[in-house]
Amino acid sequence: MHENTSSGLIMPTPILQLPMQALIKVPAAAVNALHPSFSEEDRQQLLTMQYRSVTYQDAMVSGNAFLDANGVLLMHTTRPEASFKGMVFEAYLARMCRDYSATIGRKVFAWCTERQPGRVSDSLLNQYTAFVTADKSLMNQVSTAWLYNTASPFDVQFYRINENGDAELATLVKSGTTAGIQVKAITGNERSEIIDLMLQNRYRHVLTLLRHSSGEHSHDVCMRILAALQRSGEITGDDYRSVVTRLAHPDQLGLDQYDVDQYSYYLSMLHRSGGNMDQNVVEAITLEVTDNLIQSQGGILLPVQQSLALQSQQLH
């Protein structure tokens, strides 16, 4: 443990003690903050160090944050926790596709457009930008304004700017049908919220992210449901195979389930605690915004300095 003299916080410093008594610092991201040996206070501090900056981006894109008159970003939502987390994870997926384009971005793009990853060339991949369909910042440019669509059947899609300067969406490689992904951050009701909608072709590709409290992953629950439906004759073998290929869990797309689990816990902590969060944690999250938002590739707005402040009122 060491004291951050600027904030007065006591921050855990995981160490490895070698025979020569050398101390090696380990990044917060390398520590399993969900391990039961950590106290709740230490867990909150570790997760805050790891996720407070990216939460700024994801909360802004998902509509769960806004800049006040003093330039401080406030996080606020009236949504239930599951809905709040679902919207933030939409932004998380798009961000990961942009930040890790050559790996995660390639896998996600290939999967949702029904290509083989090895058939997605760098030149093709570099043309496209992942975005959230409910991101209002799309409206800041004429070329991307029409992409903003809160009624879209997709949460995350890819677009490129064509030679005429217009935005166009990625499509399924064989049919030319618009491609996109539904992001599910649920721990229950998989039959009605995922399986039935995929069988009805209302959802083409679904990424389901979370584990149940039992430890069973939502994707595994879906697979059990599909197997039972096939055994009972409610769906055919072709139906089963079709849904299986269009349903993914994080590891399939290069995302780290361990990272997803920790981020999910952190988002729950923010949503449930709100302004009543322990003052030390609030101080660790509250950072002033000193610069304006900048435009990233494709017109998506991102902060120059990532900051997050919680409103003093309880989140609902």
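Miscellaneous remarks
- Count - residues of the stretch 94-123 that are outside any helix (DSSP H, G or I) and either acidic (Asp, Glu) or farther than 16 Å from Asp256 by Cβ (or both): 5
- Residue under evaluation Glu193, criteria (1) part of a loop (DSSP other than H, G, I, E, B); (2) within 30 Å of Tyr258 (Cβ to Cβ); (3) acidic (Asp, Glu), criterion not met: (1)
- All conditions in (1) assigned to a loop (DSSP other than H, G, I, E, B); (2) out of contact with any strand residue (DSSP E or B) (no Cβ under 9 Å at 6 or more places or on another chain); (3) under 24 Å from Val243 (Cβ atoms); (4) not aromatic (Phe, Trp, Tyr) hold for Thr187, with the sole exception of (2).
- Lone qualifier among Leu229, Leu255 - being not hydroxyl-bearing (Ser, Thr, Tyr) and not in a loop (DSSP other than H, G, I, E, B): Leu229
- Of the set (1) assigned by TED's automatic domain parsing to the domain that holds His219; (2) without any contact (Cβ under 8 Å) to a residue 12 or more places away in the chain, all apply to Gly118 but (1).
- Checked against the criteria, Tyr148 counts as of a type in the set (Ser, Thr, Tyr), touching a residue at least 12 places away in the same chain (Cβ under 8 Å) and touching a Lys or Arg at 6+ places or on another chain (Cβ under 7 Å).
- Tallying residues that are among the hydroxyl-bearing types (Ser, Thr, Tyr) and assigned to a helix (DSSP H, G or I) within the stretch 125-172 yields 1.
- Condition check for Ile300 on (1) closer than 23 Å to Lys184 by Cα; (2) at pLDDT 50 or above: one failure, at (2).
- Of the residues making up the stretch 150-164, none is of a type in the set (Gly, Ala, Ser) and touching a strand residue (DSSP E or B) at 6+ places or on another chain (Cβ under 9 Å).
- Given (1) farther than 19 Å from Ala134 by Cα; (2) buried (at least 22 other Cβ atoms within 10 Å of the Cβ), number of the condition Thr177 does not satisfy: (2)
- Qualifying residue in the stretch 164-175 (condition: within 22 Å of the chain's Cα centre (by Cα) and among the basic types (Lys, Arg)): no
- Qualifying residue in the stretch 92-101 (condition: free of Cβ contacts under 8 Å to residues at least 24 places away in the same chain, surrounded by fewer than 23 Cβ atoms within 10 Å (Cβ to Cβ) and within 17 Å of the chain's Cα centre (by Cα)): yes
- Residues (touching a strand residue (DSSP E or B) at 6+ places or on another chain (Cβ under 7 Å) and modelled with pLDDT of 90 or more) located in the stretch 90-103: Glu90, Leu93, Ala94, Cys97, Arg98
The values are calculated or read from the model by the stated rules, or taken from the named source; none is laboratory data. Fair warning: this is a prediction, and the values are worked out from it, not measured in the lab. Positions of Cβ are backbone-derived with ideal geometry, glycine not excepted, and every protein chain shown enters the neighbour counts.
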